[in-house]
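Next up is a structure, given as structure tokens.
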Amino acid sequence: MGQAINTPWGALTPAKPSAVFGNEGSGGSRASREASARGGGRALPGGAHRALTLGFALFVSTPLYALSVEDCTRTTHISHGGEADHWDLGEGRVMWRDWWSQEGSATDITVMDCAPGMALRLRAAEENMNARFPFDRVDDALKVIAKHESGARVFATLERMADELDDFTRDVRIETLSDETCACAAFYPDARGDKTEFVLG
């Protein structure tokens, strides 16, 4: 990519601004919108009625809006955990963090190539999650990702990132996902291929 990557938390240039990395949840949802229609008391001619019925059927079968990256910032585990800070890294690659904050807290980072469904996942911070000592290496992890992403993509492989991140973060792994993720659906919907389509629930 060859571009400088700078953010408020130290590493990457977002395609769209997002929240700041942290362990707190920012799972706000889009405000619901309601529309009401008033009809007259006059009957419609047969042809107009059929056209109106067909038009309404097409309307309700079409999504009201395309999935946006803001939709992906949400609570996924009843106030205890969620996803936030979704970023477009360019060339079909995205990144986000998963947060958890019940009794203990944790920050996991995922870097994903959308088309093949390959995801690099790692734990960058945790406290009181288990018997392990608490740690916070979020900034260091983001610097490593930024370093790789600022060069040519051919060299910025998930495997090379994983090798370096494994030195100081935890639970580093690369997985192949069969389901589309929210960030990929928002930034790269054409990269879905045969993966199960992401549906916001």
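The values are calculated or read from the model by the stated rules, or taken from the named source; none is laboratory data. Note that this is a predicted model, so its numbers are computed, not measured. Here Cβ is always computed from backbone atoms with ideal geometry, including for glycine, and neighbour counts include all displayed protein chains. We work out accessible area using only protein heavy atoms, side chains counted, and drop any ligands, DNA or RNA first. Shrake-Rupley method; radii C 1.70, N 1.55, O 1.52, S 1.80 Å.
Can you pull out the residues in the range 122-161 that are in contact with a helix residue (DSSP H, G or I) (Cβ under 9 Å, 6 or more places away or on another chain), in a loop (DSSP other than H, G, I, E, B) and open to solvent by 90 Å² or more (accessible area, probe 1.4 Å)?
Answer for the range 122-161, where residues must be in contact with a helix residue (DSSP H, G or I) (Cβ under 9 Å, 6 or more places away or on another chain), in a loop (DSSP other than H, G, I, E, B) and open to solvent by 90 Å² or more (accessible area, probe 1.4 Å): just Phe155.
Still on this structure, please answer the following. Look at the range 89-104 and say how many of its residues are surrounded by fewer than 20 Cβ atoms within 10 Å (Cβ to Cβ) and closer than 22 Å to Pro189 by Cα.
Residues that pass the stated criteria total 4.
Does Ala119 qualify as being touching a strand residue (DSSP E or B) at 6+ places or on another chain (Cβ under 6 Å) and not in a strand (DSSP E or B)?
Spelling it out, it is not the case that Ala119 is touching a strand residue (DSSP E or B) at 6+ places or on another chain (Cβ under 6 Å) and not in a strand (DSSP E or B).
Considering the range 177-194 alone, what residues qualify as being in contact (Cβ under 8 Å) with a residue 40 or more places away in the chain and over 16 Å from the mean Cα position of the chain (by Cα)?
Once the filter is applied, which keeps residues that are in contact (Cβ under 8 Å) with a residue 40 or more places away in the chain and over 16 Å from the mean Cα position of the chain (by Cα), the range 177-194 yields only Gly193.
Going through the range 105-121 one residue at a time, which ones are in contact with an Asp or Glu (Cβ under 6 Å, 6 or more places away or on another chain) and either farther than 19 Å from Asp179 by Cβ or open to solvent by 70 Å² or more (accessible area, probe 1.4 Å) (or both)?
Ser105, Ala106
Could you give me the residue pairs with C-beta distances under 6 Å whose first residue belongs to the range 126-150 and is more than 12 Å from Ile109 (Cβ to Cβ), whose second residue is assigned to a loop (DSSP other than H, G, I, E, B) and open to solvent by 30 Å² or more (accessible area, probe 1.4 Å) wherever it lies, and which are 6+ apart or on separate chains?
From the range 126-150, the pairs are Glu127/Pro134.
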